[in-house]
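Coordinate-derived values only; no laboratory data. As the structure is a computational prediction, the values presented were derived from the model and not from experiment. Here the Cβ is made from the backbone with ideal geometry for all residues, glycine too, and neighbour counts use every protein chain on show.
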């Protein structure tokens, strides 16, 4: 069971949205949706050969308090400082509306 004192990382949840390009069109840009305190724990690392080069990928488990105003989805991503985490799965731990458990990957493009 997590305690509030375990949440030492300030994260930013982002969502990709259409932004006007000023010429009648739009561009896609990542915009902040919410900030929260979280715990971040690495799960595993691996090397993947993609696009003719080797990439290091690390998966993490991120736990953050449940929020009624924002529900993370796999169409969103998280920032922790300069690090980018792509969300692969979101669990409402125990369906109790207390914690979100996010399974994410760092080190690869969406």
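Place the peptides 18-28, 58-68, 87-97 in order of packing, highest mean first, counting for every residue the other Cβ atoms within 10 Å and averaging per peptide. Don't skip to the end; give the middle numbers.
Values: 18-28: 9.2, 58-68: 16.4, 87-97: 12.2.
Ranking, from highest mean packing down: 58-68, 87-97, 18-28.
Potential lengthening of the chain between residue 68 and residue 89 amounts to 5.8 nm, from the contour at 0.36 nm per residue minus the alpha-carbon distance. Between residue 79 and residue 103, the modelled labels are 2.7 nm apart [label points 7 Å from Cα along Cα→Cβ]. Per the Debye formula on identical point scatterers at the alpha carbon atoms of the range 4-106, with no solvent, log10 I(q)/I(0) at q = 0.14, 0.19 Å⁻¹ is -0.61, -0.96.
With one equal scatterer per alpha carbon and no solvent term, the Debye-computed log10 I(q)/I(0) for the range 67-110 at 0.21, 0.22, 0.28 1/Å reads -0.71, -0.76, -1.03.
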